[in-house]
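Here's the structure, in structure tokens; my notes come after.
The values are calculated or read from the model by the stated rules, or taken from the named source; none is laboratory data. Keep in mind it's a predicted model, so treat the numbers as computed, not measured. Cβ coordinates were reconstructed from backbone atoms using ideal geometry, including for glycine residues, and neighbour counts include every protein chain displayed.
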Amino acid sequence: HPDTTSHYYRPINQATGRVPVAIGRKKRRVVVTGGSGFVGSHLVDKLIARGDDVIVIDNFFTGRKENVAHHFGNPRFELIRHDVVEPILLEVDQIYHLACPASPVHYKFNPVKTIISFFRVGYLKVMSLEFLNWCNYKTNVMGTLNMLGLAKRIGARFLLTSTSEVYGDPLEHPQKETYWGHVNPIGVRSCYDEGKRTAETLTMDYHRGDGVEPDMWQLWFTLQVRIARIFNTYGPRMCLDDGRVVSNFVAQAIRKQPMTVYGDGKQTRSFQYVSDLVDGLMALMEGEHIGPFNLGNPGEFTMLELAQVVKETIDPSATIEFKENTADDPQKRKPDISKAKSMLNWEPKITLREGLPRMASDFRNRILNEDEGKGN
Ligand code: NAD
Ligand code: UDP
Ligand code: UDP
């Protein structure tokens, strides 16, 4: 009789009479911090589907329980309400560290509006810009430190989700991983940019063993780390009112409001569908390379082109209105993903025209529920 309690045990598939290909692969226990957020919840879906045990750590600052509610009752899934700024004891094989307050992108344009939009979506009752900045920085620095300490203690592999914002307002196009960035250390957005830059520094220091008290452990152990620099990503479960351009345009088109194009709309961005990002994160975790790796879709669109694609794929009657932009808005952002292509054998597959309609049905349902809620 097979040992059904073994990590290596996989039951025979009755339909095919074969043992699933996963045989021999040690069953993993994986932590996803920020796992009830937009990207995290899609990652959790894929890890569970692969057969891993998954523990989500989230304080629901910007995430929603609904994003992972379909796993409730699954014995391979656990959800812990916890702030990563505080230490935690767990035993796992891998740590995907995503926890970070979704950057309220409108700080730089209009902090008051940001606060009101957060109030409207009900994330936080009272908050100031300073409070948000502090939470962001504290989570990025202390949260990352705690997760690295955890990884070190248990010998788990650690993956940090960093951001294209570490390049700041880049002077190099497209951005390669070797570019050190052009970041303002004292601006209103610096908490996010600098917080992630510090998180990258900590990750590499823990990997090298620098800055950590030398102890017996380090004599035979090097902490395995991975760093992803994520570029603009969109998809179902994205925050409805976070002010990002894709969520704004899609929500506006569904609500029959004009799409707000800032400035002349000629600035460019590259938009990655969330499933491509999740594939990239998993390839990075499983691969042999530390990174950092740019994970993004190099397809470049002006905001006017994006509005046109939303119009074509979501509502042909959608209109646009122009609004004032700020002077510091980056004119171009586009990842160079040749490193990820060659070393991780990864590249995005979903085009904007394919991805937007997949996101629209989720947004339609949530906007409908919101409207019904208001009627009550
Ligand atoms: P999100 O806000 O949807 O998810 C972040 C999650 O972290 C939320 O569930 C939130 O509740 C949780 N969280 C925040 N602070 C926490 C804390 N102190 N303790 C525990 N949980 C906490 O954002 P997302 O878009 O899914 O982003 C996930 C990660 O990817 C983040 O680290 C973000 O910086 C990075 N990233 C995302 C994008 C993008 O376009 N979505 C781009 C670049 C980088
Ligand atoms: N930590 C944690 N869980 C663990 C191990 C460590 O949360 O299982 C935290 C710990 O509280 C500390 C941080 O991770 O704040 C860094 O840990 P490390 O051991 O590197 O540093 P030290 O505790 O020696 O300062
Ligand atoms: N933008 C826009 N209309 C909106 C929201 C944003 O035209 O309703 C523009 C914004 O000025 C910027 C681009 O879209 O040039 C991307 O903005 P976002 O906040 O989504 O991402 P980031 O600037 O962080 O890349």
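Things to note:
- Subset of region 229-253 that is in contact with a Leu (Cβ under 9 Å, 6 or more places away or on another chain) and more than 12 Å from ligand 1 (Cβ to nearest atom) - its residue that is nearest to residue 320 (Cα to Cα): 249
- Residue count for region 254-303 satisfying the condition of being more than 15 Å from ligand 1 (Cβ to nearest atom), surrounded by 22 or more Cβ atoms within 10 Å (Cβ to Cβ) and either under 14 Å from the mean Cα position of the chain (by Cα) or within 24 Å of residue 197 (Cβ to Cβ) (or both): 0.
- Close contacts from region 259-281, counting a first residue that is closer than 30 Å to residue 341 by Cβ and a second that is among the acidic types (Asp, Glu) and away from ligand 1 (no atom under 11 Å from the Cβ), with Cβ to Cβ under 6 Å and a gap of 6+ residues or different chains, come to 268/300; 270/300.
- Given (1) of a type in the set (Ser, Thr, Tyr); (2) at pLDDT below 90; (3) surrounded by 16 or more Cβ atoms within 10 Å (Cβ to Cβ), number of the condition residue 128 does not satisfy: (3)
- Candidates are the residues of region 86-99 that are more than 10 Å from ligand 2 (Cβ to nearest atom) and within 18 Å of residue 60 (Cα to Cα); the one that is surrounded by the fewest Cβ atoms within 10 Å (Cβ to Cβ) is 98.
- Enumeration of residues in region 154-213 that are over 26 Å from residue 297 (Cα atoms) and without any contact (Cβ under 8 Å) to a residue 24 or more places away in the chain: 185, 186, 205, 208, 209, 210, 211, 213
- Residue within region 255-270 that is closer than 19 Å to residue 40 by Cα and in contact with a Ser or Thr (Cβ under 8 Å, 6 or more places away or on another chain) present: no
- Scanning region 307-328 for residues that are of a type in the set (Ser, Thr, Tyr) and part of a helix (DSSP H, G or I) turns up just one, 313.
- Taken over region 141-171, the criterion of being modelled with pLDDT of 95 or more, among the hydrophobic types (A, V, I, L, M, F, W, C) and outside any helix (DSSP H, G or I) is satisfied by 158, 159, 160.
- Of the residues making up region 318-372, those that are closer than 14 Å to residue 280 by Cα and of a type in the set (A, V, I, L, M) number 5.
- Output for region 143-160, where each listed residue is within 8 Å of ligand 2 (Cβ to nearest atom) and within 20 Å of the chain's Cα centre (by Cα): 145, 146, 147, 148
- From the options 84, 19, residue that is at pLDDT below 95 and assigned to a loop (DSSP other than H, G, I, E, B): 19
Let's see how each residue does on (1) closer than 28 Å to residue 188 by Cβ; (2) of a type in the set (Phe, Trp, Tyr); (3) more than 12 Å from ligand 3 (Cβ to nearest atom):
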{"residue": "249", "(1), (2), (3)": "yes, yes, no"}
{"residue": "266", "(1), (2), (3)": "yes, no, no"}
{"residue": "279", "(1), (2), (3)": "no, no, yes"}
{"residue": "285", "(1), (2), (3)": "no, no, yes"}
